[in-house]
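The values are calculated or read from the model by the stated rules, or taken from the named source; none is laboratory data. The structure displayed is predicted, hence computed values, not measured ones. Here Cβ is always computed from backbone atoms with ideal geometry, including for glycine, and neighbour counts include all displayed protein chains. For accessibility, only protein heavy atoms count, side chains too; no ligands or nucleic acids. Shrake-Rupley method; radii C 1.70, N 1.55, O 1.52, S 1.80 Å.
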Amino acid sequence: MGRYQTGPDPDRKSLLRALVSDETANTIVISAMALFPLMAMVGGGVDASRYYMAQSRLQAACDAGALAARRAMADDTFNQEHKTIGLNFFDQNYTDGTFGLENRQRDYTASPDGEVNGIASGTLPTTIMSAFGYEKFDITVECTADINISNTDIVFVVDVTGSMNCAPDNPGGGSCGNTPDPGSKIEGLRDAVMTFYDTVVDSTSPAAQVRYGMVPYASNVNVGAELMAANPAWLAQSHTYQSREANVDTVIEWIEIATNVTNVVPEGDEEYLGVSRSWQRTYSSSACSGLEPDDLFNLIRTDLGTHQGVISQTVDGTIRTTSYRDDNETIWNAYAYSNYYSGSGWCEYGWQVYEDRADVFFDIVEEYREEDVFQSWTYKPVTFDLTTLYDDNRIELPIGNNGSMASVDWDGCIEEADTVAATSFNPVPAGANDLDVNLVPDDPTEYWKPVLRNATWKREDGGNVLGELTQTWDENRPGYSCPAPAFRLRDITRTELQSYVDALDARSSTYHDIGMIWGARFISPNGIFSADNATAPNGDAISRHIVFMTDGILSPSTELYTTYGIEWWDRRVTDNGSNNQARSRHAERFQAACRAARNQNISVWVVAFGTTLTQNLIDCATPGRAFTADDSAQLRDRFEEIAQRIAALRLTQ
C-alpha cells in the first residue's frame, strides 16, 4: 500500500498575483493565463508518472524482501539473519536513489506465528509541479508474507526394499537381512516423513484442504484394500496362475464295511484246556454262586479270513452282501463254575475252557465306491475361478496334499492389468493398460488380479522349464514379499501417520515403475479416484505432488512373484525372461509412469537416499526437483526443503 503527502509553499509569492498587480503587463498576464494550465497538465502527468513508478518499484522490493526472509525461516522464529536476508533482497530490487527517491527507509519484523511484515518509505522530489508549490511526494508501502498452503495433495511413493534395513553407510547394500541396522535407512525415512508433515502443518491455512497418500513399494504394491473399498468390480473374477493340477486314477472297488456271523456248528470233539479262575472272600455259598459268570459259547479264535465256500450273494443299490461258510474253524467254549470254601470264606469262580472245531457261517457286507487316487502333479498355468475369494480374502483350491482342497489367502497385493512386452513406451503402445494411470477397468484385460502366492510354483527340473512339468514331488515356490497396505489421499492425523510409518518393513527387490504407477493413480484428478481428487470442498485449485524416495537402482529378478507375475514363465515384460532385459524395460516403464504423472500437472519430486542420483531418476522428476541425501539427517533436510517449497510462499496482503 502506498501513500504520499503534498502542499503549497506559504512563503512563496504567487507569480500570477504579481503579474495581475502590474497594469502594464496585461499581455503577459493573458499569455501566462494560457501557459499555466498547460504546464499543470504536463507537469502533473510527469510527476504523477514518476510517483507511481517509484511507488510500484518500492512495493515490489518490499514484497521480494518479505518473501525471501520468510523462505529462509525453518519455522516461526524470526531473527537478525532472516531480517538481513530481507533487507538484501530489498536493496537488490530498489537501490538507493532510484527515480530520485530520497531518505529511503526499510525494515522487516515478524509476528509470533511467523508472518513477516515489511515497511518501506522515502521522499520523491517533484520536478515541474514544484512551480505550483508542490515540492515532494512522501511514499510509504507495506508488505506481509507467510507460508500458507492452499489445497494440496501429496502422495509419498517410498522404497521399502531390503536394503532399507541397512544404515546409509553400510556397504553391504541389501545384505542386512530382515532386522534393521541401528540407524537404518528405514528409520531415517520414518523421521523424514514426519518432519515433512510437521513443516506442512505449520504452513497450512485453516480453510485449505491438505491430504496425504502413501505407496510403499518393493517388488509389489499392496493396493487391494483400496480397490475393494472403491469398486470390487475392478478385480478379476478369474485369472491364470503359474500353478499345478493333480493327476489321479479313478479306482472302482467294494469296500468291506461289516462282518456278521450268522451261525456256528461245532463238530463235537472238544478238548479241555483248563480253567480261568478268580478268587473273592464272601459270606455264603449263595453269594459265591452269584459271582458265577455266564457260559460262553462259540468264541471264534480266527479272523474268518479264508472267505471260502460262498453260499449266496445279494446286491441292494451300493450295498453287496456275500454269505460264506468257513469249515473247521477253531472255537472256544467256556462253561461257568463256582466253589465256596466255608472254612476260609473264599469263593473260587470262573470258567472251564474247551477248544473245538466248527463250521462257521457269516456274511461280508460291502459298499460300492469310486475313489480318485493321486498319482502325480502337472505344473503349468492354471485358471482359477475367483468369485468366492472376495468375501473374506480366502479361497479353497485343489492344490493341497495329493490334490486335496487347500485354503489360500490374499494379502492385498495385486497383479497389474494386461500389458505388452514392448521396448519403447514413448508414446505408450496400445494394450499397455498397466501404464494408463487414468485406467477405469471395464473389461477383463483391464482388471487387476489378486496375487495368490500360495497358489504358485516355479518349474525347475535341472533348469527353468517353460512347458508343462509332471512329477510327484512339490516344486519350489517363487520368492515373494508384499509391503504394507498403501492408502490413498485423505486427511490424516499426525498420530495416524506416525503409527503407519513405524510399521513399515523393508523386504525384497526394487521395481520403481509399479510404485510410480500407483502413486500417479492415487493422486490423479482423473481415473478411478477422480470423484475424490478432481476438486476441493472450498472450490479452490489443488496443488498436486508426488514425493518419490528410493535408496537403490532398479533390481528386478525374473524368478520373483511380482506385480507382473513370475517373469521367467509369464513373459509379460520381457521376450527372453532375462534380468538384464527386465531391468531396461522396467526403466522405460518407470519413465512412462513419470511422464504420465507430470502430464496430469503433478509435480514429481525425487530423492535418492544413500545412492547415486541416476539419470533415470533425474529424468523422472519435474525439472529442478531431484535431490540426493547421503544420510538420514540429509534426508530429513531434503524432505523439509521440499515441504517448504510445496508450501508455495505467497504474499498474504
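Could you look through the range 277-287, keep only residues that are among the small types (Gly, Ala, Ser) and open to solvent by 60 Å² or more (accessible area, probe 1.4 Å), and pick out the one that is farthest from the chain's Cα centre (by Cα)? It would help to see each step written out before you state the result.
Looking only at the range 277-287, we keep the residues that are among the small types (Gly, Ala, Ser), and these are 278, 284-287.
Okay, now just the ones that are also open to solvent by 60 Å² or more (accessible area, probe 1.4 Å), so 285-286.
Working: 285: 89, 286: 88 Å.
Out of the qualifying residues, it is 285.
Give the range 359-375 a look and list any residue that's within 30 Å of residue 400 (Cβ to Cβ) and surrounded by 16 or more Cβ atoms within 10 Å (Cβ to Cβ), or say none.
Across the range 359-375, the qualifying residue is only 366.
Six or more apart or on different chains, Cβ under 6 Å: which pairs go from a residue in the range 222-236 that's closer than 14 Å to residue 522 by Cα to one that's part of a helix (DSSP H, G or I) and open to solvent by 10 Å² or more (accessible area, probe 1.4 Å)? Could you list them?
227/234
Please specify each residue of the range 450-487 satisfying the condition of being surrounded by fewer than 21 Cβ atoms within 10 Å (Cβ to Cβ), among the polar types (S, T, N, Q) and assigned to a loop (DSSP other than H, G, I, E, B).
Once the filter is applied, which keeps residues that are surrounded by fewer than 21 Cβ atoms within 10 Å (Cβ to Cβ), among the polar types (S, T, N, Q) and assigned to a loop (DSSP other than H, G, I, E, B), the range 450-487 yields 472, 476.
Kindly provide the set of residues from the range 376-394 that are surrounded by fewer than 18 Cβ atoms within 10 Å (Cβ to Cβ), in a strand (DSSP E or B) and of a type in the set (Val, Ile, Thr), ordered by number.
Of everything in the range 376-394, those that are surrounded by fewer than 18 Cβ atoms within 10 Å (Cβ to Cβ), in a strand (DSSP E or B) and of a type in the set (Val, Ile, Thr) turn out to be 378, 383.
Given the conditions (1) open to solvent by 30 Å² or more (accessible area, probe 1.4 Å); (2) touching a residue at least 24 places away in the same chain (Cβ under 8 Å); (3) more than 25 Å from the chain's Cα centre (by Cα), which single one is not true for residue 576?
(2)
Look through the range 181-210, keep the residues that are in a loop (DSSP other than H, G, I, E, B) and modelled with pLDDT under 90, and return whichever of them is nearest to residue 552 (Cα to Cα). So that I can check it myself, show each step before the final result.
Restricting attention to the range 181-210, the residues satisfying the condition of being in a loop (DSSP other than H, G, I, E, B) are 181-184, 202-203, 205-209.
Keeping just the survivors that are modelled with pLDDT under 90 gives 181, 202-203, 205-208.
On the way: 181: 17, 202: 32, 203: 32, 205: 36, 206: 38, 207: 39, 208: 35 Å.
Filtering the range 181-210 for residues that are in a loop (DSSP other than H, G, I, E, B) and modelled with pLDDT under 90, the one nearest to residue 552 (Cα to Cα) comes out as 181.
Please determine, by comparing only the residues of the range 218-276 that are among the charged types (D, E, K, R) and under 25 Å from residue 381 (Cβ atoms), which one is surrounded by the most Cβ atoms within 10 Å (Cβ to Cβ).
Taking the range 218-276 first, the residues among the charged types (D, E, K, R) are 226, 244-245, 249, 253, 256, 267, 269-271.
Okay, now just the ones that are also under 25 Å from residue 381 (Cβ atoms), so 244-245, 249.
Values: 244: 27, 245: 16, 249: 9.
Looking at residues that are among the charged types (D, E, K, R) and under 25 Å from residue 381 (Cβ atoms), I get 244.
The rows are residues; the columns are (1) open to solvent by 20 Å² or more (accessible area, probe 1.4 Å); (2) modelled with pLDDT under 95; (3) among the polar types (S, T, N, Q).
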position	(1), (2), (3)
319	yes, no, no
323	yes, yes, yes
326	no, yes, no
329	no, yes, no
332	yes, yes, no
342	yes, yes, yes
349	yes, no, no
357	yes, yes, no
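Taking residue 309 as meeting all but one of (1) open to solvent by 70 Å² or more (accessible area, probe 1.4 Å); (2) free of Cβ contacts under 8 Å to residues at least 24 places away in the same chain, write down the number of the exception.
Unmet condition: (1).
I'd like the full set of residues that are under 20 Å from residue 77 (Cα atoms), among the β-branched types (Val, Ile, Thr) and open to solvent by less than 10 Å² (accessible area, probe 1.4 Å), limited to the range 188-216.
Passing the criteria: only 200.
If I go through the range 70-126 residue by residue, how many of them are open to solvent by 30 Å² or more (accessible area, probe 1.4 Å), among the aromatic types (Phe, Trp, Tyr) and more than 46 Å from the chain's Cα centre (by Cα)?
Counting residues in the range 70-126 that are open to solvent by 30 Å² or more (accessible area, probe 1.4 Å), among the aromatic types (Phe, Trp, Tyr) and more than 46 Å from the chain's Cα centre (by Cα) gives 1.
Only residues that are of a type in the set (D, E, K, R) and open to solvent by less than 60 Å² (accessible area, probe 1.4 Å): list them for the range 419-449, please.
Residues satisfying the conditions are 434, 443, 446, 449.
Only one residue in 616, 601 is open to solvent by 10 Å² or more (accessible area, probe 1.4 Å) and in a helix (DSSP H, G or I), so which one is that?
Sole residue among the options that is open to solvent by 10 Å² or more (accessible area, probe 1.4 Å) and in a helix (DSSP H, G or I): 616.
Enumerate the pairs (first residue in the range 382-401 and more than 14 Å from residue 453 (Cβ to Cβ) and modelled with pLDDT under 95; second residue anywhere and open to solvent by 100 Å² or more (accessible area, probe 1.4 Å) and of a type in the set (A, V, I, L, M, F, W, C)) with beta-carbon separation below 9 Å, excluding pairs fewer than 6 apart on the same chain, so at least 6 apart or on different chains.
none
Among the listed residues 557, 543, 524, identify the single one that is crowded, with 23+ Cβ neighbours inside 10 Å, in contact (Cβ under 8 Å) with a residue 12 or more places away in the chain and not hydrophobic (A, V, I, L, M, F, W, C).
None of the other options fit; the residue is 524.
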